[in-house]
1. What is the range 3-57 by shape, rounded, prolate or oblate, if you read a ≥ b ≥ c off the alpha carbon gyration tensor as root eigenvalues and call it rounded for a/c under 1.5, prolate for a/b larger than b/c, and oblate otherwise?
2. If I model a spin label as a point 7 Å beyond the Cα along the Cα-Cβ vector, how far apart are those points for residue 26 and residue 216 in nm?
3. How would you rank 99, 229, 224, going from fewest to most other Cβ atoms within 10 Å of each one's own Cβ?
4. Taking 8 Å as the Cα distance limit and 6 or more residues as the minimum spacing, I'd like the relative contact order of the chain as a percentage.
5. Return one number: the angle in degrees, 0 to 90 and rounded to the nearest 10, between the long axis of the Cα atoms of helix 184-195 and the longest principal axis of the Cα atoms of the chain.
6. Could you line up 243, 88, 45 from fewest to most neighbouring Cβ atoms inside 10 Å?
7. Just from the alpha-carbon atoms, what are the Rg and Dmax of the range 70-177 in angstroms?
8. In what sequence, highest mean first, do 164-172, 182-190, 136-144, 104-112 appear when ranked by Cβ atoms within 10 angstrom?
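Each value in this text was obtained by applying a stated rule to the coordinates, not by laboratory testing. None of these values were measured; they are calculated from a predicted model. So basically every Cβ, Gly included, is an ideal-geometry build from the backbone, and we count neighbours across all protein chains shown.
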């Protein structure tokens, strides 16, 4: 298929769907990542679309995803309670994956045991650097500056060669089929970490049940424990029971 025909197809899809990820373009058009990138550049230079992190969007698409620092200010008390409870569940000499999450600063501040922690979060690395009992490992990769996480092949390769006692995950939104995130690269890291963990612990303040995000990373049936700041509604309780997900309210 010639580029001109691909560009027409992409433009038509954007009129209906508003946004498309690089992966969606590759699969639908059966093209390589480099070809998808060239098509995106062509459309954006022509003013027919705008680039997003990990894809392309219609020119009138203006949904704003708040960055990490902004999210830290929301429901700080609830996040702190959740983070402190998560820290209490970690055992001496354990090996853990720590996610990029606004709950994580409170987890890091509450730790007082010898353990190994692997993370793709810049903020986790900074917070744990001064903790004498914590052996902290960076997963390397490329820094996504706005939301302060590392991603890429180096991160994925390291995770695939590790086994974690638990993966501590945050979440952008919770749906009936699992955990969703705003950044495709971040979702890929979380998905791999969950696969390599004996236990998946998810920290979520209540609004996460009411939001919608784009990239699914972890199935509901992969979650072992949810730490929440209020009781889930009756319908959600039934859904969690069906998937054998336990929860704690702090």
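1. Verdict is rounded for the range 3-57.
2. That separation, rounded to one decimal, is 1.9 nm.
3. If I rank by nearby Cβ atoms, fewest first, I get 224, 229, 99.
4. Numbers: 451 pairs, mean separation 34.7, N = 250.
With pairs under 8 Å counted, the relative contact order is 14 percent.
5. Approximately 40 degrees, to the nearest 10.
6. 45, 88, 243
7. 13.6, 41
8. Numbers: 164-172: 24.1, 182-190: 22.4, 136-144: 17.0, 104-112: 19.7.
In decreasing order of mean packing, 164-172, 182-190, 136-144, 104-112 become 164-172, 182-190, 104-112, 136-144.
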